[in-house]
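Report on the following structure.
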Amino acid sequence: MRFPPHLLDEIRARIPISEVVGRRASWDKRKSNPGRGDFWACCPFHGEKTPSFHADNRKGRYHCFGCGVSGDHFTFLVEAEGLTFPEAVTQLAEQAGVPLPKEDFRDAERERIRTSLYDVTEAAARFYEAALQQPEGARARAYLRDRGLGPDTQRRFRLGYAPASRNALKEALAGAGLSQEQMVEAGLLVAGADIPVSYDRFRDRVMFPITDLRGRVIAFGGRALSPEAQAKYLNSPETPLFHKGRVLYNGHAARAASRKSTLIAVEGYVDVIACVGAGFEATVAPLGTALTEDQLRLLWQMADEPLLCFDGDEAGLKAAFRAVETALPHLKPGQSLRFALLPEGQDPDDLIRRDGPAAFRQVIEEPHPLVDMLWRRAVHGQRLDTPERRAGVERMLRESVATIGDPDVRRHYEAAVRERAAREFGGARGGGFQRSGAARRGRDQRRFGPLGTGADEAPS
């Protein structure tokens, strides 16, 4: 159900944020100032001995300066008490005496269908998990073992196997009382007017369950075992539960872990699992697509400056450039992205298995700021040997910076671009906005060539 903004504003105005948070927080009497609507407590989301959690009745917001969580009345009930957003709105509306609009019958029916689909996807996840341990799952277990994903990891991520049969899942779920219509709606069966008999969408694949931010299975990714398969990786289609551009793989676990460690976005399922196994718990991945605006918003809900880690090849570099373009309009003071570029030809799984977690940690501890990647995007593949070509790069940079919505951030980017262009094209010395140390510059020049040069001098 959708709630109009004015209704949410009215609820916030009628109930002090301190009253909502006070259900789970004990206010520090020495530090709090109730007369000003200023409240402090030890954070209810992480253990601490001194109060760093702040609630401001005037703004209707809370923020912890220790772990970084923040939000409003509804966010707190969702995060702290596990309510859905509609449940949080309904509860607070009743408390505030604000009447809710009547729900359309069709909305109620859609919500009923949506809720029932969680049972279907959960049943499918259990079926795939069990199939992995059967004799028919031997090749899948061998594949996972070869990738360094042992039994403990398989259980942690609920990995499974979809048998090669066209009807194995359909028959198992039908035997559990689930209808074919539910299976189709959940994206588990392929059906249609031109298909006489529906059949299992995933066959002879290693299965990766995809969960929402509450940890509920909503979809699957399947990795083909047969080299003849048309698609190496196959995701569930769009369903009432699953919209792949709005979901991050491992988002549920990473959201909790991001309060204590760096939030990292990599490119694939196995990369996520390898990173988590190596101790980088707050690792996520988009689902086979370029990072979307919705996925960026999810990342920024977890961390102010998430780290995007792309494979060390041309495709990885292009993915980084697309992320720069997507992020620019949404940058805010203190809200940006950082980038880690892996050695050429490697992904996180390769690097960790070959050289260990320390090698991956070295990469992510020397990230590039977004402004550096903006410059690299502009000069990538360009010949910069004439004034006209250099002017073209400057124009491209100006046009990119103009898309930044926040005026303060845009002003600082304009200054950074001018300074970088003067140094690279005008022979200026000193200054600049890449101050990450000689060691990283030397490493990057060995790997990629100087960030400020063109294609002739620095092939990528």
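Scanning region 193-232 for residues that are within 20 Å of Lys244 (Cα to Cα), open to solvent by 30 Å² or more (accessible area, probe 1.4 Å) and aliphatic (A, V, I, L, M) turns up Leu213, Ala231.
How many residues are over 22 Å from Pro343 (Cβ atoms) and either of a type in the set (Phe, Trp, Tyr) or surrounded by fewer than 16 Cβ atoms within 10 Å (Cβ to Cβ) (or both) if we restrict to region 363-385?
2
A search for C-beta distances below 6 Å between a residue of region 217-238 that is part of a loop (DSSP other than H, G, I, E, B) and any residue that is open to solvent by 100 Å² or more (accessible area, probe 1.4 Å), counting only pairs 6+ apart in sequence or on different chains, returns Leu225/Arg139.
The set of residues from region 335-362 being of a type in the set (Gly, Ala, Ser) and open to solvent by 50 Å² or more (accessible area, probe 1.4 Å) comprises Gly345, Ala358.
Residue-wise test of (1) in contact with a Gly (Cβ under 7 Å, 6 or more places away or on another chain); (2) farther than 26 Å from Val379 by Cβ; (3) modelled with pLDDT under 90.
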{"position": "Gln301", "(1), (2), (3)": "no, yes, yes"}
{"position": "Lys318", "(1), (2), (3)": "no, no, no"}
{"position": "Leu337", "(1), (2), (3)": "no, no, no"}
{"position": "Leu342", "(1), (2), (3)": "yes, no, no"}
{"position": "Gly345", "(1), (2), (3)": "yes, no, yes"}
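Beta carbons closer than 7 Å, at least 6 apart along the sequence or on distinct chains, never pair a first residue in region 3-17 that is among the polar types (S, T, N, Q) with a second that is outside any helix (DSSP H, G or I). Applying the criterion of being within 12 Å of Leu331 (Cα to Cα), in contact (Cβ under 8 Å) with a residue 12 or more places away in the chain and not charged (D, E, K, R) to the residues of region 391-422, the residue that is most open to solvent (accessible area, probe 1.4 Å) is Thr403. Among residues of region 290-304 being in a helix (DSSP H, G or I) and not charged (D, E, K, R), the one that is most open to solvent (accessible area, probe 1.4 Å) is Gln301.
Only one of the numbered conditions (1) modelled with pLDDT under 95; (2) surrounded by fewer than 19 Cβ atoms within 10 Å (Cβ to Cβ); (3) over 30 Å from Asp146 (Cα atoms) is violated by Asp444, and that is (2). Of all the residues in region 132-188, those that are part of a loop (DSSP other than H, G, I, E, B) and either open to solvent by less than 30 Å² (accessible area, probe 1.4 Å) or closer than 20 Å to Asn250 by Cα (or both) number 11. Residues that are within 17 Å of Trp300 (Cβ to Cβ) and not β-branched (Val, Ile, Thr) within region 223-249 comprise Gly245, Arg246, Leu248, listed in sequence order.
Among the residues examined, Gly177 does not qualify as of a type outside the set (S, T, N, Q), touching a residue at least 24 places away in the same chain (Cβ under 8 Å) and out of contact with any strand residue (DSSP E or B) (no Cβ under 9 Å at 6 or more places or on another chain).
Among the residues of region 207-262, those that are under 17 Å from Leu287 (Cβ atoms) and hydroxyl-bearing (Ser, Thr, Tyr) comprise Thr211, Tyr233, Ser236, Thr239, Tyr249. Selection of helices (runs of 4 or more DSSP H) fully inside region 1-103 by the criterion of at least 2 residues being of a type in the set (Gly, Ala, Ser) and open to solvent by less than 40 Å² (accessible area, probe 1.4 Å) returns 85-96. The condition (being closer than 30 Å to Ile404 by Cα, touching a helix residue (DSSP H, G or I) at 6+ places or on another chain (Cβ under 9 Å), open to solvent by less than 20 Å² (accessible area, probe 1.4 Å) and modelled with pLDDT under 90) is satisfied by just one residue among Leu248, Leu287, Leu263: Leu287. Scan region 269-286 for residues that are over 22 Å from Arg205 (Cβ atoms) and not in a loop (DSSP other than H, G, I, E, B) and the total you get is 2. Please specify each residue of region 222-243 satisfying the condition of being within 16 Å of the chain's Cα centre (by Cα) and either farther than 26 Å from Leu83 by Cα or of a type in the set (S, T, N, Q) (or both). Correct list: empty. Checked against the criteria, Gly279 does not count as in contact (Cβ under 8 Å) with a residue 24 or more places away in the chain, surrounded by fewer than 21 Cβ atoms within 10 Å (Cβ to Cβ) and within 17 Å of Thr292 (Cβ to Cβ). Based on this model, can you work out whether Glu388 counts as at pLDDT 95 or above, open to solvent by 70 Å² or more (accessible area, probe 1.4 Å) and acidic (Asp, Glu)? For Glu388, the condition - at pLDDT 95 or above, open to solvent by 70 Å² or more (accessible area, probe 1.4 Å) and acidic (Asp, Glu) - is not met. Here is the figure for region 273-297: residues that are in contact with a strand residue (DSSP E or B) (Cβ under 8 Å, 6 or more places away or on another chain) and among the aliphatic types (A, V, I, L, M) total 6. For region 316-341, a tally of residues being among the β-branched types (Val, Ile, Thr) and in contact (Cβ under 8 Å) with a residue 40 or more places away in the chain returns 1.
The values are calculated or read from the model by the stated rules, or taken from the named source; none is laboratory data. What you are looking at is a predicted structure, and each value in this text was computed from that prediction instead of being measured. Backbone-built Cβ (ideal geometry, glycine too); neighbour counts: all protein chains shown. Heads up: the accessible areas ignore ligands, DNA and RNA and are worked out on the full protein's heavy atoms, side chains in. Shrake-Rupley method; radii C 1.70, N 1.55, O 1.52, S 1.80 Å.
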